[in-house]
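Asks: Have a look at this one before I ask anything.
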Amino acid sequence: MEPDATLNFKQGEVIYENRGVVEWTRFWKTMTTVVFGMTPGFYVFEIYCADGAPSLSWMGDQWNWWQIPEQFQDGGGWDLETTRYCDDHDYMNVQYAAKRGIVRPVHTAYMLQVMILLQHMNLDYVSKMVYNKDKDLVFVYKPDGLWNEREYVYEMHHLEQMVPYAVTAIKNMSMQRDDGILTVYDMNTRDNLKFYAEDKYWNLEIKDEFMANTRTLWKGNFDDKFRGSIFHVTSEASEEETLTMMKVDRELEAAIAKHGEVVIPTRYEEDWKERLTQERSRIAAQQH
């Protein structure tokens, strides 16, 4: 679908910029690659490509900069070559059948999962946002893919900060803190845009304007204490409700006149404490 010809795609004022988002995203991806990709990936690769898991003594010999104490240099290799048949057919023993039938597919699936994790761990954080000249579009830059930064275009009238449920914890939510995380939702593409709320990342001359344009759903939602997100309580009773309450009041008054007021029964412990208090007061009065 072609965009509307009347839209102005010339960039205008910068609304928000936080270059640290891209740097930190790449840092965490690098750490994830080392911890979940290279380290277990290499070890498992050695299991099905060599004769077993690499032993500590082998790593001590191959990596001369890595000195392993003698007491830890065990026979980590599985010595699977000694269990092969004399004709050296790989599929002639259980170990190699399991290695090729289970370990290799599992390792391949694991590495694919690591790649998918790296592809999607951008976490929707925004590194830069710019108005167009007419201020009806925003150009949003976010980390994308494995190592890239990509530009997205959103229409302003689709962007909204979703209204939370009317609970007393609203004032403690992250979006209400000066250093919290602000989430803007695109109701057309269903994308989330996450911003750091600290003023140092924002163009303060137009921040309030952007906030007002993305909080239109908030207007009127917290103005009336009798209207909530789920339940509504009318401030005035209807004629039918008023007549019902008057009837109930008359019946209660008639029941009290006939049977007397209800006496709430007390427990034995409460009666005993009351008598004890009265007795102490009586003795104290006699001594004076």
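Bear in mind these aren't lab numbers, they're just calculated from the coordinates by the rules spelled out. The structure presented is a predicted model; accordingly, all values stated were derived computationally and were not measured.
Asks: Holding the Cα-Cα limit at 32 Å, pick out from K10/K171; K247/K273; K133/K171; K171/K207; K29/K133 the pairs that are longer than that.
Replies: Over 32 Å apart, Cα to Cα: K10/K171; K247/K273; K133/K171; K29/K133.
Asks: Could you give me the ³J(HN,Hα) list for the range 247-263, computed from phi with Karplus coefficients 6.51, -1.76, 1.60 and θ = phi - 60°, whole Hz, x at Gly and Pro?
Replies: 5, 4, 4, 5, 5, 5, 4, 5, 5, 5, 5, 7, 9, x, 6, 6, 9
Asks: Return the long-range amide H neighbours of D191 (sequence gap of 5 or more, or a different chain), with a cut-off of under 5 Å between placed amide H atoms.
Replies: Close amide H contacts, sequence-distant or interchain: D186.
Asks: List every residue whose amide H lies under 5 Å from the amide H of G12, counting only residues 5 or more places away in sequence or on a different chain, with H placed 1.01 Å from N in the peptide plane.
Replies: Excluding prolines and chain starts, which carry no amide H, the hits are Y131, N132, K133.
Asks: List, in order, the whole-Hz ³J(HN,Hα) value for each residue of the range 173-178 obtained from phi through the Karplus relation with A = 6.51, B = -1.76, C = 1.60 and θ = phi - 60°; use x for Gly and Pro.
Replies: Once θ is set to phi - 60°, the couplings for the range 173-178 become 5, 4, 5, 8, 8, 5 Hz.
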